[in-house]
1. So residue 380 ticks every box in (1) in a helix (DSSP H, G or I); (2) over 23 Å from residue 350 (Cα atoms); (3) at pLDDT 95 or above but one. Which box is left unticked?
2. Determine which single condition residue 34 fails, assuming it passes every other condition in (1) surrounded by 15 or more Cβ atoms within 10 Å (Cβ to Cβ); (2) touching a helix residue (DSSP H, G or I) at 6+ places or on another chain (Cβ under 7 Å); (3) over 26 Å from residue 171 (Cβ atoms).
3. Within the range 39-54, does at least one residue satisfy the condition of being assigned by TED's automatic domain parsing to the domain that holds residue 139, in contact with a strand residue (DSSP E or B) (Cβ under 9 Å, 6 or more places away or on another chain), in a helix (DSSP H, G or I) and crowded, with 16+ Cβ neighbours inside 10 Å?
4. Go through the range 395-435 residue by residue and tally those that are farther than 30 Å from residue 307 by Cα and in contact with a helix residue (DSSP H, G or I) (Cβ under 9 Å, 6 or more places away or on another chain).
5. Which of the residues belonging to the range 179-202 are in contact with a helix residue (DSSP H, G or I) (Cβ under 9 Å, 6 or more places away or on another chain) and farther than 15 Å from residue 136 by Cα?
6. Residue under question is residue 417, and the condition is that it be under 24 Å from the mean Cα position of the chain (by Cα) and without any contact (Cβ under 8 Å) to a residue 24 or more places away in the chain; does it hold?
7. Could you say which residue among 206, 233 is more than 20 Å from residue 56 (Cβ to Cβ), in contact (Cβ under 8 Å) with a residue 12 or more places away in the chain and surrounded by 14 or more Cβ atoms within 10 Å (Cβ to Cβ)?
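The values are calculated or read from the model by the stated rules, or taken from the named source; none is laboratory data. These figures come from a predicted structure and were not determined experimentally. Here the Cβ is made from the backbone with ideal geometry for all residues, glycine too, and neighbour counts use every protein chain on show.
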């Protein structure tokens, strides 16, 4: 595929954009009063001073963008004359960024324009960013190519490609990739393997750092809630299953069956579903397996005899990580999810275990495994059984979990150092190209 063909397809798709946006509004995936931003038509004026544009798709990339921005401010970017333009794709990431802006982050949020060249050119002509930084793997061809064409220093940070994405860029998208990546100023890849992929696509200046998703702010904790749980369960060890998806609760039931078979009663499994609307189906599943389950949404607390507790309310992940002994970061035991980010658990100094499906967070879990702070179950015919056995073994080795937690916390600190290093690279480019 060439850029010409890609843009021809956009000329066809342009006719369907209004209908598509209306559909997304109905599904709650767009803010109706901000649809104009998708056409590259902002309402807000550009402020005077330097503007650094950071682009990421969803919450994970927004976390990475803000982590990089904070490192940039820390190592010398002038806060008085500088603002960050953060573009995202999802409603949840927009809320995340806006919350940070309201608490003092020097930024502006916009939804990124769809990738039709006329939309992108309108966006660039209005905002005139002094530097553009694309996070992770959201590589929109026109967004990147037209930015480089306007001589705006363009950086790909925390960059990586999934196996599926890599097959596209190395295959049918090869000519398109070489067109858009060759003029990028700098690529900060998450590891040497990813660096090599970008090299094959014609990128010239590539450095291997780490994933900026490995840097996570600690979510808030509720001391009263923590103390209430501790009082009820006494000295039980806690496995926190964070952000579970269908198919993963069944594996946790297998774990509970093993514990009950071995007469182990001092372990509590706390389930935090990725989508709380699944609460009732999870309750039914656990009860049908012969277990009682208390629910946070019903203002219930677990007691000493429980194997399960369902945390089906929002905003309490920090408290639950804080009291856990071992964190299973879910979305990694079932296909097509790709695993969720283990950085929050690591930042709390907790031992982490994940399944084999970690396509969306490979760099982060690799960092933890290499540091000794995490375990990744390998994909084979017995991976579910191996997961159950590994969790059972870990929960009976408190000193090992404690050591893993210390290693995970060290890995988080290392990631922050690499983010500061990324900031130094960007400062060098900023001084040479902008100031």
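1. (1)
2. It is condition (2) that residue 34 fails.
3. Taking the range 39-54 first, the residues assigned by TED's automatic domain parsing to the domain that holds residue 139 are 39-54.
Narrowing the set further to residues that are in contact with a strand residue (DSSP E or B) (Cβ under 9 Å, 6 or more places away or on another chain) leaves 42, 44, 46-47, 49-54.
Right, trim to in a helix (DSSP H, G or I) and you get none.
Within the range 39-54 (the criterion being assigned by TED's automatic domain parsing to the domain that holds residue 139, in contact with a strand residue (DSSP E or B) (Cβ under 9 Å, 6 or more places away or on another chain), in a helix (DSSP H, G or I) and crowded, with 16+ Cβ neighbours inside 10 Å), the answer is no, since none of the residues qualifies.
4. We begin by selecting, within the range 395-435, every residue farther than 30 Å from residue 307 by Cα; these are 410-435.
Next, only the ones that are in contact with a helix residue (DSSP H, G or I) (Cβ under 9 Å, 6 or more places away or on another chain) stay: 410-412, 414-416, 418-424, 426-427, 430.
So the answer is 16.
5. Result: 179, 180, 182, 183, 185, 200, 201, 202.
6. Details: under 24 Å from the mean Cα position of the chain (by Cα): yes; without any contact (Cβ under 8 Å) to a residue 24 or more places away in the chain: yes.
Yes; evaluated as a whole, the condition is true for this residue.
7. Working: 206 fails: more than 20 Å from residue 56 (Cβ to Cβ).
It is 233.
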